[in-house]
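Read-outs throughout are calculated quantities, based only on the coordinates presented, and are distinct from any laboratory measurement. Because the structure is predicted, anything quoted here is derived from the model rather than measured. Please note: Cβ atoms are built from the backbone with ideal geometry, for glycine as well, and neighbour counts cover all protein chains shown.
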Amino acid sequence: MVDADKVRQKIAILEQNLEKLKVLQKLQEDDFLDDFRNVESTKHLLQVCVEIMIDISDHIVARQRLGTPETSADGFRILAENGYLNKDNIVTYVAMTKFRNRVVHLYNEIDEKEIYKILQNNLKDFKQFLKEIINTVIIGT
């Protein structure tokens, strides 16, 4: 059975990180890029947000005995196949995992302007994931 309290704790951390990202999101591009702390903070917060998504997915998959994810992104696919996530959003969640992998392993190849673009345009993807998890796991329990 899914540990709803554990999922709620992870959701709370993700929501806190999104609030921090919203502060950075208000910066104009030049101001954002002029201070390395903005870029590095954003990269870290985005990475942790994706890690939380992966942790939540893996927890549900394991507790519900839905299979064994072979990659970080497989948890999202398994959840979609079992009705926890909308299949239309899996491409986005997989892309988020690929971005996280780039931050962790190919950190020197990340363009600072790409970080700003993600900050400006993609926070909604985290919110969509949260909405789906809350509707299927938290409210559904």
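Annotations for the structure displayed:
Residue-by-condition table, conditions (1) in contact (Cβ under 8 Å) with a residue 12 or more places away in the chain; (2) touching an Asp or Glu at 6+ places or on another chain (Cβ under 6 Å):
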| position | (1), (2) |
| --- | --- |
| Asp88 | no, no |
| Thr92 | yes, yes |
| Asn108 | no, no |
| Leu119 | yes, no |
| Asp125 | yes, no |
| Gln128 | yes, no |
| Ile134 | yes, no |
| Ile139 | no, no |
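- The residues of segment 91-134 that are among the hydroxyl-bearing types (Ser, Thr, Tyr), within 16 Å of Ser41 (Cβ to Cβ) and touching a Phe, Trp or Tyr at 6+ places or on another chain (Cβ under 8 Å) amount to a single one, Tyr116.
- Restricting segment 44-85 to residues that are among the polar types (S, T, N, Q) and surrounded by fewer than 16 Cβ atoms within 10 Å (Cβ to Cβ), the residue that is nearest to Tyr107 (Cα to Cα): Thr71
- Taken over segment 21-36, residues that are in a helix (DSSP H, G or I) and either surrounded by 10 or more Cβ atoms within 10 Å (Cβ to Cβ) or hydrophobic (A, V, I, L, M, F, W, C) (or both) amount to 11.
- Scanning segment 44-78 for residues that are in a helix (DSSP H, G or I) and either basic (Lys, Arg) or touching a residue at least 60 places away in the same chain (Cβ under 8 Å) (or both) turns up Leu46, Cys49, Met53, Ile56, Ile60, Arg63, Arg77.
- When Ser41 is tested against (1) more than 18 Å from Leu123 (Cα to Cα); (2) surrounded by fewer than 19 Cβ atoms within 10 Å (Cβ to Cβ); (3) touching a residue at least 12 places away in the same chain (Cβ under 8 Å), only condition (1) is not met.
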